[in-house]
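The values are calculated or read from the model by the stated rules, or taken from the named source; none is laboratory data. Everything quoted here is computed from the prediction, not taken from an experiment. Note: ideal-geometry Cβ built from the backbone for every residue, glycine included; neighbour counts use all protein chains shown.
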């Protein structure tokens with residue numbers, strides 16, 4: 001396995017994961033505006049994480065490789081752990097962005113294990129920026145919702 005990262009490879013992963021991210025944004029925005037727990041930050045993180053898991057698999061496993069079962073188990077197990085971060089009470093759900101970020105972190109770990117550093121870098125940056133920048137948008141949308149309520 002090659003250890004270096006080329007700009008072409010990095011651009012390819014930014015493009016693919018970026019498409020997944022952008023396609024998930026309207027869904028997340030809709031959920032955020034409807035006051036559902038998972039919203040503007042959660043949906044894009046889940047989309048890019050799922051994309052990253054499969055990009056790593058495509059990059060390192062021959063089609064039908066038995067190692068794929070390890071990847072399936074990892075993805076499922078991390079999802080279960082993330083589920084524990086979700087809290088529901090008083091008609092509100094919280095912790096979904098944390099759960100999605102836990103899943104994304106699992107994808108980062110898988111990418112590093114298979115020396116697919118470009119995938120890990122893109123996912124880490126996108127997750128961080130989504131959490132950081134999404135908080136401002138989330139606050140703005142929540143303020144708007146409170147005024148309407």
### Message
Would you confirm, using the coordinates I've provided, whether residue 48 is buried (at least 16 other Cβ atoms within 10 Å of the Cβ), in contact (Cβ under 8 Å) with a residue 60 or more places away in the chain, under 11 Å from the mean Cα position of the chain (by Cα) and not in a loop (DSSP other than H, G, I, E, B)?
### Response
yes
### Task
Report the residue count in region 118-135 for those that are closer than 12 Å to residue 52 by Cβ and surrounded by fewer than 21 Cβ atoms within 10 Å (Cβ to Cβ).
3
### Task
From (1) touching a strand residue (DSSP E or B) at 6+ places or on another chain (Cβ under 9 Å); (2) at pLDDT 90 or above, pick out the condition that doesn't hold for residue 7.
(1)
#### Entry: Test for residue 72: is it assigned to a helix (DSSP H, G or I), over 15 Å from residue 97 (Cα atoms) and modelled with pLDDT under 85
yes
### Query
Can you pull out the residues in region 18-57 that are more than 19 Å from residue 99 (Cβ to Cβ) and at pLDDT 85 or above?
18, 19, 22, 55, 56
### Task
Those residues that are crowded, with 17+ Cβ neighbours inside 10 Å and under 19 Å from the mean Cα position of the chain (by Cα), I need them from region 60-99; list them, please.
71, 75, 78, 82, 86, 95, 96, 97, 98, 99
